[in-house]
């Protein structure tokens, strides 16, 4: 073999996801073995490789079919949107059906498969093919005698394919204890891809694994893949990067009080919102509000329902005053209802992808998210949800998911362990006290905003969801009747307080009046005393004056010696 | 040209058609193809003298013909007439098998002879 020059040249398959796993495609100019059980999609994979090569990468291809006629093949892949006849007519594809019927062939001596080489060589030359598929070459063993010759010839064939420099896919049925029945893996050793179709818990899943890729790194996991109307898609569909842009636009939750709790404006556009709660806590009602609000803004909403039928959801939401029917009629709201068990996770994921790409919603609601758990194991579900969330974020679609928390498990536990993927997480819980079950609501987290840390009572009324303050008393959080009682007690206490204040004020008034009356009385008393005293003083002064005058008059009458008045006294 | 009745292989004694059209597909002048042609010529002279026509097709010169007659193995002898079309692969060195393949020997008896062998 030629020494490998890094990097190994690769031919993209054009199959969604496969090129990512193989780091660019199949080894250019070398044969690749695709093996698996009957019905696992070998032929389709090979055909898509050729069709994509012819249509996207300007590499015409030859399909040598040993099992199906050209017409059958064309019919089979027409459902995937491949128009083989048009490609054949355009000289981009050759389908050569090799018919072998053991009973019609008599072996009379030595032979070789030069006819096959000539045929393939001619087909390759006629359109300048760069890609070749042999499907399924092992049929030769059933159709021709002498396996020894066949083995030698196949070895020669694969070497010849390499010499021709065509990128080839050779398919082979899985055998017992080996990858293929005839041990083709011994001859084709550059790249081996194994397909598998298995059923677990009644749900079938197709898987792909790159068993071997000489001279190249490759994803070694088993990757689920689906065959749908666009061909094969190996998951991951999206490259799981963190390259999406974050919007600062806000979207209302449809409940004013909730918007107020979310820093006054609601969720971020393109964020992922999770509502978790036990059964019957009103998760779907929250979703209904969100949907109705979005439709009211003229945005399209896609509602994936996995537990209830659309009409049941609409009836139930109607009972709490959320009427979705007009939005459905207007084409703003679309329901997609399916049981999670109806198909494997990959099928769900791709159908959701398709529905989203077709409907182009601004908001996607999935109710409930964890119903998938019944259809697969946790790791697979997480991987699937990761892909879905990633897809939604890349498309700036706001995702609103509900998650049913099993009774008894932690509040912040999600079955699929997806909490880290969620931007805003609302928790609904049932509080049982005083012979009642009431609902409480709080925001567990909401990235990028100063959200409220308060618990609210969550009421489902005929006018929709209402959020009320709750009382935290010595006996815990009060809700329902207890809250009403508390409210009544509060009102009574307030009334009593008001009375008390009024009484105090009256008393004060009274005191002041009394005081002033007393002051007035004292003043009056004093005035009287003052007047009396002044009169007395006046009288004394008058008497004094009288006495003086009388003394002067007496002296005058005695003609007393004025200067000796004082000295003449003894 | 009359088509032989169905089940002709079980009645090899029936009158064979006038002309047998045989095509031998080869790919170049390889020892195997030369052997095959020699064997074919010999068998035809022995069993179909004057009633056969051999066409040798070299696929290296006419590769497009490989597809039409569903040729994989080389050499391949195709009995185009009388119908039905029969295919015989290999260098035709096993004469008995060639005769069986051409319906010149009854299949049932041939099987018993091969079993004896």
Problem set entry | region B:43-84, subset assigned to a helix (DSSP H, G or I) and free of Cβ contacts under 8 Å to residues at least 40 places away in the same chain, residue nearest to the other protein chains (Cβ to nearest Cβ) | B:67
Exercise. Which condition number in (1) within 14 Å of chain B (Cβ to nearest Cβ); (2) out of contact with any helix residue (DSSP H, G or I) (no Cβ under 8 Å at 6 or more places or on another chain); (3) in contact (Cβ under 8 Å) with a residue 12 or more places away in the chain is the one that residue A:95 fails?
Worked result: (2)
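Go through A:50, A:80, A:44 for me and flag whichever is within 34 Å of the chain's Cα centre (by Cα), within 23 Å of residue A:206 (Cβ to Cβ) and assigned to a helix (DSSP H, G or I). Working first, answer last.
Details: A:50 fails: within 34 Å of the chain's Cα centre (by Cα); A:80 fails: assigned to a helix (DSSP H, G or I).
When all the criteria are applied, what remains is A:44.
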For this session: Restrict the check to region A:473-484 and report whether at least one residue is without any contact (Cβ under 8 Å) to a residue 24 or more places away in the chain, more than 32 Å from the chain's Cα centre (by Cα), part of a helix (DSSP H, G or I) and not assigned by TED's automatic domain parsing to the domain that holds residue A:281.
Result: yes
Exercise. Residue A:72 passes all but one of (1) within 14 Å of another protein chain (Cβ to nearest Cβ); (2) without any contact (Cβ under 8 Å) to a residue 40 or more places away in the chain; which number fails?
Worked result: (1)
Exercise. So, of the residues in region A:130-152 that are touching a strand residue (DSSP E or B) at 6+ places or on another chain (Cβ under 6 Å) and at pLDDT 90 or above, which turns out to be farthest from residue A:40 (Cα to Cα)?
Worked result: A:131
Exercise. Got at least one residue in region A:182-204 being buried (at least 21 other Cβ atoms within 10 Å of the Cβ), over 40 Å from the mean Cα position of the chain (by Cα) and part of a helix (DSSP H, G or I)?
Worked result: yes
For this session: State yes or no: is residue A:87 in a helix (DSSP H, G or I) and within 14 Å of residue A:47 (Cβ to Cβ)?
Result: yes
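Consider region A:99-135. How many of its residues are within 27 Å of residue B:94 (Cα to Cα), in a helix (DSSP H, G or I) and at the interface with chain B (Cβ under 9 Å from one of its Cβ atoms)?
7
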Seminar exercise, completed: Residues in region B:92-107 that are in a loop (DSSP other than H, G, I, E, B), over 10 Å from the mean Cα position of the chain (by Cα) and facing another protein chain (nearest Cβ under 9 Å) total 2
For this session: Tell me which residues, restricted to region B:23-41, are without any contact (Cβ under 8 Å) to a residue 40 or more places away in the chain and more than 10 Å from every other protein chain (Cβ to nearest Cβ).
Result: B:29, B:34, B:37, B:38, B:41
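The values are calculated or read from the model by the stated rules, or taken from the named source; none is laboratory data. None of these values were measured; they are calculated from a predicted model. We place every Cβ from the backbone using ideal geometry, glycine too, and count neighbours over all the protein chains shown.
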